[in-house]
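Let me begin by presenting the structure, written as structure tokens, before commenting on it.
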Amino acid sequence: MPLLKILTNQSVADEAKVLADATEVVSTMLGKSASYVQIILEMEQKMSFAGSLEPCAYMELHSLGLDESQTESMSASLCAFVEGTLGVAANRTYIQFQGPARHLWGWNSKTFA
């Protein structure tokens, strides 16, 4: 049930490619089937970082069983992704990692508990 939410003040010409590529990055990074990965991409947001309107991004990665010892390598992978696809430097990107309890995540009229 991985969910990656990307907010950025940038835009891209091929949103479908960005969504597909993000799905692959998350699936590979977490070792989970792409069939469960959800991506939310919110572009052209009114955002600043350090008082500047230069390219910036905020991401949230939610995943059941998130291995907190891997967040640093996940941060590197996600920052490389937004830098390569959106032109946002790693030092202008924040990422929030969350590993919700299984009973707090629903899907298909049930929870994962």
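Matching residues to (1) basic (Lys, Arg); (2) part of a helix (DSSP H, G or I); (3) closer than 22 Å to Phe112 by Cα; (4) open to solvent by less than 40 Å² (accessible area, probe 1.4 Å):
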| residue | (1), (2), (3), (4) |
| --- | --- |
| Asp21 | no, yes, no, no |
| Glu24 | no, yes, no, no |
| Lys46 | yes, no, no, no |
| Pro55 | no, no, no, yes |
| Met59 | no, no, no, yes |
| Ala80 | no, yes, no, no |
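Between Glu68, Glu42, Glu24, which is at pLDDT below 95, out of contact with any Lys or Arg (no Cβ under 7 Å at 6 or more places or on another chain) and within 26 Å of Gly106 (Cα to Cα)? When all the criteria are applied, what remains is Glu68.
Selection of segment 82-101 for residues being in a strand (DSSP E or B) and not aliphatic (A, V, I, L, M) yields Thr93, Tyr94, Gln96, Phe97, Gln98. For segment 6-18, the candidate set comprises residues that are of a type outside the set (D, E, K, R) and either farther than 21 Å from Thr71 by Cα or in contact with a Gly (Cβ under 6 Å, 6 or more places away or on another chain) (or both); within that set, the residue that is surrounded by the fewest Cβ atoms within 10 Å (Cβ to Cβ) is Ala13.
Looking only at residues of segment 4-19 that are over 14 Å from the mean Cα position of the chain (by Cα) and either assigned to a helix (DSSP H, G or I) or among the hydrophobic types (A, V, I, L, M, F, W, C) (or both), we find that the one that is farthest from Gly87 (Cα to Cα) is Ala16. Considered as a group, the residues in segment 26-44 that are part of a helix (DSSP H, G or I) and of a type in the set (Gly, Ala, Ser) include one that is most open to solvent (accessible area, probe 1.4 Å), and that residue is Ser35. For segment 74-113, a tally of residues being modelled with pLDDT of 95 or more and closer than 27 Å to Glu15 by Cβ returns 25.
The values are calculated or read from the model by the stated rules, or taken from the named source; none is laboratory data. It should be emphasised that the depicted structure is a prediction, and the values quoted were computed from it without experimental measurement. In this analysis, Cβ positions are derived from the backbone assuming ideal geometry, glycine residues included, and neighbour counts consider all displayed protein chains. For the accessible areas, the whole protein counts, side chains as well, though only heavy atoms, and no ligand, DNA or RNA atoms are used. Shrake-Rupley method; radii C 1.70, N 1.55, O 1.52, S 1.80 Å.
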